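Below is one structure, written out as structure tokens; comments come after it.
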Amino acid sequence: MKALASVRQTFAGDIGTAIFSALGIAAIAWIIFLAIQSPTDLFQTLVIGVADGAIFALIALGYTMVYGIIELINFAHGDIFTLGAFLAIPVLGLFGITDTVPFTPAIAGILVATAVIVMILNGLINITIERIAYRPLRNAPRLAPLITAIGMSFCLEGAMFLWKGPFHVIFPDLLPNTQLSFGAYTIGVKDIFVIVAAVILVIFLSLFIARTKLGKAMRATAQDRQAAQLMGINIDRTIAATFFIGAALAGAGGIIYGLYFNTVAFDLGFSAGLVAFTAAVFGGIGNIQGAALGGLIIGIIRALNERYISGSWSDVVIFGILILVLVVRPTGLLGMRVPEK
Amino acid sequence: MVRARGLVVLTLAVFVAFACGGNSGGSGSNKGTISIGVDLPESGAAASGGLSTLNGVKFAVQQAGTLSGWTLTIENRDDAVQGSYNEAKGVQNVQDLIANNHVVAMIGPYNSAVAKAEIPITNPVGLTMISPSNTNPCLTKDLPTCSYHPQDLRKGKPNNYFRVVATDDLQGPAAATYLYNTLNVHKLGVLDEKTVFGVGIADAMQAKFTSLGGTAIRDSYDPATTNDWRNYLNKFKDAGATGMYIGGTDDKKACQPRHQFAQVGISAWPYVGGDGIETSQCIDDAQAGAIGLTATTAGADAGQIPSAAATITAFKAAFTGANDYGAYTMSAYDATNIEIQAIKKALADGKDPNKIADFREAVRANVAATSGYAGVLGTTTFDANGDTSAKIISIYSVKDVGAARAAQGDLTCGTKTNDKTLCYVWVTQFDFAKS
């Protein structure tokens with residue numbers, strides 16, 4: 001055991017960093033090699049990776065915000081994401097859209113309206129969950145709210161199962177499937193939509209946290225809850241707002257996912273949530289930019305692996321890289337931001 | 001519960017009727033009753049398959065009339081509980097049938113899982129079972145991919161379980177032959193869903209495809225964490241593939257890659273899989289890409305066999321209900337006739353149906369020796385495992401059949417407004433007995 005511990009220590013030290021750097025350089029060299037071999041193929045793969053990663057990033061933001069402020073791994077967050085997609089279907093129905101229809105400018109308006117309604121609904125549901133299952137346990141041992149979070153996850157999945165059954169739910173395919181060509185490079189309109197929507201939401205969130213009063217309150221609460229309270233910040237309201245914003249982003253993510261892949265299922269949130277949580281830790285938990293970066297990197301690794309190695313090993317490769325990164329940088333790529341002790 | 005009690009009353013009434021008939025009408029040449037047991041799912045959502053199959057048994061028994069003075073009847077049991085097949089109910093049913101001294105052989109069950117539970121009960125007493133519809137290869141074949149094996153079900157006694165349909169392990173080779181010879185796909189992308197079934201069927205397909213001279217590019221996806229298949233599709237496209245095979249089932253997302261074909265610019269590729277994708281859910285998942293989905297199923301489509309036409313016409317004259325005829329009606333008809341032939345031979349050999357154990361054994365031996373029996377679905381010879389020589393795999397492909405045809409309700413179609421007219425229709429069949 002002692003030998004093992006010393007080996008571990010060695011790997012966490014300079015040798016580990018050297019190995020990690022070597023692997024990093026090898027990976028970059030490999031990507032350059034791929035770029036020389038066929039720049040169009042690589043571009044295509046990266047676009048798919050970035051688009052898929054952007055969706056994970058939107059979910060990861062909710063994990064990272066909640067963890068940053070109350071150090072809770074909100075396991076129900078993945079299901080809140082699924083709920084966004086599920087809620088969007090009846091809301092679209094209110095606007096008369098029940099099945100796939102060709103894209104028109106009117107649909108763009110309907111989609112924006114749907115997104116706003118679903119984000120608000122999702123936020124309110126998440127606030128309710130926080131009020132029922134997490135707030136009473138705020139000063140309880142850390143494991144108690146962890147278990148209620150897992151419980152809420154199963155409750156949400158159960159509710160969605162009762163609502164829509166075990167089958168895949170078909171989300172209307174409302175965006176144009178057009179592929180735009182720039183010389184030999186092609187990019188789908190859907191890919192542009194996903195990437196642009198995610199970037200706008202992340203920028204909006206970053207500005208909100210950096211510039212607004214509520215954002216400042218959130219940062220203060222995250223840094224030191226008691227001190228923030230002494231300064232007159234309403235802790236309960238601030239934490240509720242965090243849950244609201246996280247759920248709203250997850251709801252938007254759910255709609256984007258639905259529009260992009262057109263199929264959702266009641267248990268989608270479990271695996272999507274796991275990947276998103278991984279992305280949040282990868283980037284440095286509590287760190288907004290880190291979560292976004294983590295999501296993108298996981299998306300890109302998956303895409304490169306599926307295209308050039310073998311999809312059978314995607315999860316092994318992703319988590320293998322995660323282990324390597326965390327051994328060398330336990331606080332994630334951009335560093336953790338969690339309450340000070 | 002009320003329904004179950006009604007069934008008991010009805011069954012008792014039938015018993016009484018037969019008992020009286022046997023006693024009072026015992027004049028002349030009537031020597032008594034011989035029964036063929038039946039175990040099928042006959043209530044709730046599962047009824048449509050079970051009842052139409054039962055009709056095939058009824059039709060054969062009606063045509064047979066009396067056998068050397070013995071009245072032939074059907075001893076029918078329902079193995080559905082709350083609308084779906086139930087193994088425990090099936091076991092209870094066969095125990096009932098075994099206890100009945102008139103039952104000399106049985107038809108059923110409908111579902112492979114029920115057969116797995118029933119064979120260990122019927123085997124020790126040698127009660128012949130012929131299934132019209134079980135396609136799980138593990139019931140008769142000792143394959144490494146199986147989680148259970150026929151020798152474990154049979155408890156060391158001679159085989160009493162037979163079937164008149166082909167097995168799932170022939171689906172892969174049929175798909176490979178269809179892709180290579182009929183669709184002229186010589187380079188194929190093969191994707192499996194990392195399950196025992198998915199990897200198994202894809203391996204079987206790939207082995208045959210390679211032996212025909214084709215090249216396969218193989219990969220797997222994890223159904224839990226995969227939502228986007230475009231990288232796989234691009235990879236297959238780059239390697240020069242012109243078609244794709246999926247080893248999987250619709251509930252593990254096997255039809256979602258098809259939905260993305262348009263985005264990668266390969267809409268014209270055929271997309272072939274096993275019977276796990278011959279579903280409405282699959283058509284819905286593939287949406288605009290549904291046309292061209294192709295699935296194999298074990299067993300013949302009776303509607304396509306010329307020799308079956310006359311029998312089907314006669315059947316439809318006798319059974320006129322809209323749902324009286326189903327996919328396995330003719331299989332059940334053939335299976336019942338094989339048993340009737342075996343009973344006739346036992347009687348001709350001087351066996352006495354009153355000595356039930358001996359008579360059941362004689363029927364079992366006669367069924368096992370069935371050779372070259374010319375039924376409506378083809379010629380049946382049972383091998384040592386109990387499998388039929390008529391190894392037919394049918395191939396179905398999704399086409400736009402129009403609203404009127406889709407509304408007839410006998411095809412598997414999509415359920416959304418924009419794919420309601422897209423349905424699986426029969427394309428061709430492969431007879432592995434010939435190849």
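Laboratory data are not the source of any read-out in this text; all were calculated from the coordinates shown. The model shown is predicted, which means the values in this text are computed figures rather than measured ones. Every residue, glycine as well, gets a Cβ built from its backbone with ideal geometry; the counts of neighbours run over all protein chains shown.
Under a Gaussian network description of chain B, with springs only between Cα atoms under 10 Å, the residue in B:169, B:142, B:334 that fluctuates furthest is B:142. As a proxy for reagent exposure, ranking B:282, B:138 by other Cβ atoms within 10 Å from fewest up yields B:138, B:282.
Remark: segment B:288-294, residue by residue, has Karplus-estimated 3J(HN,Hα) of 4, x, 5, 5, x, 4, 10 Hz, where x stands for each Gly or Pro and the curve is 6.51 cos²θ - 1.76 cosθ + 1.60 at θ = phi - 60°. Eigen-decomposition of the gyration tensor built on the alpha-carbon atoms of segment B:67-123 gives equivalent ellipsoid semi-axes of 23, 12, 10 angstrom, largest listed first.
Peptides B:222-234, A:54-66, B:35-47 ranked from most to least packed, by the mean per-residue count of other Cβ atoms within 10 Å: A:54-66, B:35-47, B:222-234. Per the Cα gyration tensor, segment A:223-314 maps to an equivalent ellipsoid with semi-axes of 33, 18, 10 Å, ordered largest to smallest.
Where both bridge residues fall in chain B, DSSP classifies roughly 40% of the beta bridges as antiparallel. Convex hull volume per residue, computed on the Cα atoms of segment A:54-277, equals 131 Å³.
What pairs from B:208/B:416; A:190/B:235; B:141/B:237; A:164/B:391; B:141/B:416 go past 32 Å between their alpha carbons? Cα-Cα > 32 Å for B:208/B:416; B:141/B:237; A:164/B:391; B:141/B:416; rest within. Taking the fewest neighbouring Cβ atoms within 10 Å as the starting point, the ordered list for A:71, B:339 is A:71, B:339.
With the convex hull of its Cα atoms as the shape, segment B:37-151 has an orientation-averaged projected area of 7.6 nm².
For segment A:189-198, 3J(HN,Hα) computed residue by residue from phi via the Karplus equation (6.51, -1.76, 1.60; θ = phi - 60°) reads 4, 4, 4, 4, 4, 4, 5, 5, 4, 5 Hz, glycine and proline entered as x. For residue B:344, the lysines whose Cα falls under 21 Å of its own Cα, not counting residues fewer than eight places away in the same chain, are B:31, B:58, B:355.
Throw me the Rg/Rh for the protein assembly as shown, computed over C-alpha atoms with Kirkwood Rh, two decimals.
My calculation puts Rg/Rh at 1.06.
Using every pair of distinct Cα positions in chain B, the Kirkwood expression returns a hydrodynamic radius of 23.0 angstrom. Each residue of segment B:246-252 is assigned a 3J(HN,Hα), and the resulting list reads 10, x, x, 10, 4, 6, 9 Hz, derived from the Karplus form 6.51 cos²θ - 1.76 cosθ + 1.60 (θ = phi - 60°), x at Gly and Pro. Around the amide H of residue A:335, modelled in the peptide plane, lies no amide H under 5 Å away from a residue 5 or more places distant or on another chain. For chain B, a Gaussian network of Cα nodes joined below 10 Å ranks B:396, B:373, B:328 by mean-square fluctuation, and the top entry is B:373.
Residue order for A:313, B:70, fewest other beta carbons within 10 angstrom first, comes to A:313, B:70.
Comparing B:211, B:307, B:280 in a Gaussian network model of chain B, where Cα atoms under 10 Å apart are tied by springs, the biggest mean-square fluctuation is seen for B:211.
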